[in-house]
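Sending over a structure as structure tokens; questions will come in a sec.
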Amino acid sequence: MSLPIFSPTDDPGPNFMATLARTYQRYPGWYLRGSGMETMVGEPDGINSSLPSWTGNRISDLIRHGTTILALRYRDGVIVAGDRRATEGHLIAYRNMEKVMRVDQYSAMAIAGAAGPAVEMARLFSTQLEHYEKVEGVSLSTEGKANQLGQMVREHLALAMRGMLVIPIFAGYDLQAGNGRIYTFDVTGGHYIEGEHAAEGSGGRNARSVLKQFWHAEIDRDAALALAIEALVEAADEDIATGPPDTLRGIYPIVATITSSGYQAIDDDETASLVHSLYDRLQTRTETGERRWPR
Amino acid sequence: MTMPYYVSPEQVMKDRAEYAQKGIARGRALVGTVYDNGIVIVAENPSRSLRKISEIYDRIAFAGVGRYNEFDQLRVAGIRHADTKGFAFSRNDVEARSLANLYAQYLGQVFTHEMKPLEVEILVAELGTAPHSDQLFHIAYEGTITDEQDYAVLGGDTEVIRKRMAEAYRPGWKLEDAIRTCVRVLSGPGREITSSELEVAVLDRSNGERSFKRISQEAIDAIISPKKAARPKSSSSK
């Protein structure tokens, strides 16, 4: 390694990805180039006849996938949550996955889709934010951060089209505006600000239904945390790729709050008690005939 | 065509060294020292936005004296090196010694091969996990690297300041004592430096993963002149 000094006319500035490209002659999306993945990815729809037959020739059966993630705004900021299951095709590949990641003091990223590239993207994103902050002496704005992540998602488009889709949710606390922000993304890198809540991944649709029913503008921390857990439990009830809270092993959803005092992961004890009180409530509802499930 | 005059290599090096020293001596000095819970760097710097001290990585800080544009380029290169290394390997694999060596090689290279040497001196400080494993690497304009014990003095008039620092340094002192002494050592007798002319930052073991933190002007005021700092508060409340 040599000291990365560039001439003023060729300086990558505070852009970490550009620095990486100059240092390693590689660029985000390097998963594809020279990594062996280009031989694996065949047709644009992710079908490759040279794959083992048990995979049904589908790339997605070989790759670890993360599933349901969500975010919702509440009175003090924003909550981000995700289940813990990763799948390979119809198999459970991992029970401990952490799909919610702190990217800097005031923001977090949740990931759904192909786990390998998603985790790499999160690492790159968090390095980029820290790099910018150190080089420039100030942090990027919340909008600037969302835009950066959008560019990374777009860089990944070619692989997304071949079955390695990565869909993040970005959530942050905007110190200037004094409120929580949620952004969702599409494969082309488009980023969209969400005023209330968002859910992505295979169980995202079900989670969203729960959020839609019970979310309101003045929701406080405890109610919002309970709602996040309920949405994940509902998603796990309908979607095989979403893992329910695993009380046997003590594996609970990853939940974090982001407020004016920064990112705060909710510890396992609190999530466990949230899960148990939800189960109690569901039990009561069933007994009183207020609601049918669980049967 | 005119023939260039012969100049001996000794003379060339001497001239370059003199040129760099003059440039550095024009700027103001800075002091870095260890205290019971970390490393503090105190710089005389009238500018609030053009910084001399900066964060490089979780446990590494950078400080430079001399020509601003030159040491700032080195600062950014250090951040790039650290972030690239941390991204390619792991956060634990980023350490100051290899960065200090890179700086030394670069400065040495420029000193011998370029027209003009860099008019800078830099300090690379690394917070150890245990109190006695802190490191201060002092790198001079020609690439000389020194692994300093307890404290480092950089910039103009260092002989005098270093002598004062040698007398004032106390092993295992508290942050407040260290800052007060560093300011006194920088100013010397018969001169006062106010908080607006100071830039202070620490690498502190209690700051979590990213241990670098700047000390605000108000906090510096409260440490170096507690009476003065209290006065404007009481007058504004009237």
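Can you tell me the FRET efficiency between residue B:15 and residue B:113 if r is taken as the Cβ-Cβ distance and R0 is 22 Å, rounded to the nearest 0.05?
0.90
Then there's this: Counting only C-alpha contacts under 8 Å and six or more residues apart, can you give the relative contact order of the stretch A:91-236 as a whole percent?
Reported as a whole number, the value is 19 percent.
Return the FRET efficiency for the residue pair residue A:277, residue B:206: r is the Cβ-Cβ distance, R0 is 45 Å, and the value is rounded to the nearest 0.05.
0.80
Follow-up. Using only the alpha-carbon atoms of the stretch A:183-284, report the extent along each of the three principal axes, biggest first, to the nearest angstrom.
Sorted largest first, the three principal extents are 40, 35, 25 Å.
What is the packing order of peptides A:11-17, B:164-170, A:194-200, taking the mean over residues of other C-beta atoms within 10 Å and listing the highest first?
So the peptides A:11-17, B:164-170, A:194-200, ranked by packing, come out A:194-200, A:11-17, B:164-170.
Based on DSSP H assignment, which helices of chain A show an axial Cα extent of at least 24 Å together with a mean Kyte-Doolittle hydropathy greater than or equal to 0.5?
A:221-238
Along Cα→Cβ, 7 Å out, is where each label goes; now give me the distance between the ones at residue A:93 and residue A:290 in nm to one decimal.
Placing both labels 7 Å beyond Cα along the Cβ direction yields 4.0 nm.
Could you state the angle between the C-alpha long axis of helix B:175-187 and the longest principal axis of the C-alpha atoms of chain B, as a value from 0 to 90 degrees rounded to the nearest 10?
50
Taking all protein chains together and a probe of 1.4 Å, list A:237, A:104 from the most accessible to the least accessible.
So, going from the largest accessible area down, we get A:237, A:104.
Shifting gears a bit: At 0.36 nm per residue, minus the direct Cα-Cα distance, what do residue A:240 and residue A:270 gain on full extension? Give it in nm, one decimal, please.
Extending this stretch completely gives an extra 8.3 nm.
Okay, next question. Which value, in square angstrom to the nearest 100, describes the accessible area buried between chains B and A on both sides, using a 1.4 angstrom probe?
The summed interface area works out to 2100 Å².
Less than 14 Å Cβ to Cβ from residue B:110, Lys/Arg counted +1 and Asp/Glu -1: what total charge do the surrounding residues give?
Taking every Cβ under 14 Å from that of residue B:110, the sum is -2.
With a sphere of radius 11 Å drawn around the Cβ of residue A:246, what net charge do the other residues whose Cβ falls strictly inside it have (Lys, Arg +1; Asp, Glu -1)?
+3
Which whole number gives the average count of other chain Cβ atoms within 10 Å of the Cβ atoms across peptide B:71-84?
The mean count of partner-chain Cβ atoms within 10 Å per residue comes to 6.
So for the pair residue A:161, residue A:214, with labels modelled 7 Å out along Cα→Cβ, what separation do we get in nm?
Once both label points are built, they end up 4.1 nm from each other.
Along the charge dipole of chain A, Cβ charges K/R +1 and D/E -1, which of A:131, A:72, A:115 sits furthest on the positive end?
A:115
Placing +1 at every Lys and Arg Cβ and -1 at every Asp and Glu Cβ, with all other atoms neutral, what dipole size does the stretch A:146-295 have around its Cα centre, in debye to the nearest 20?
Its charge dipole is roughly 480 debye.
Label points 7 Å out from Cα along the Cβ direction at residue B:177 and residue A:21: separation in nm?
Reported label-point gap for residue B:177 and residue A:21 is 5.3 nm.
List the residues of the stretch A:133-168 that lose 20 Å² or more of accessible area once all protein chains are present, compared with their chain alone (1.4 Å probe, heavy atoms only, no ligands or nucleic acids).
In the stretch A:133-168, residues shielded by partner chains: A:133, A:134, A:135.
Cβ under 14 Å from residue B:36's Cβ, residue B:36 left aside: what net charge do those residues give with Lys, Arg +1 and Asp, Glu -1?
-2
Counting only heavy atoms of the protein chains, get the accessible area per residue of chain A (1.4 Å probe) and round it to a whole Å² value.
In whole numbers, chain A has 46 Å² accessible per residue.
The values are calculated or read from the model by the stated rules, or taken from the named source; none is laboratory data. Note that the coordinates shown come from a computational prediction; the quantities given were computed from them, not determined experimentally. Cβ sites come from the backbone with ideal geometry, for glycine too, and all protein chains shown count toward neighbours. Heavy atoms of the whole protein, side chains included, go into the accessibility calculation; ligands, DNA and RNA do not. Shrake-Rupley method; radii C 1.70, N 1.55, O 1.52, S 1.80 Å.
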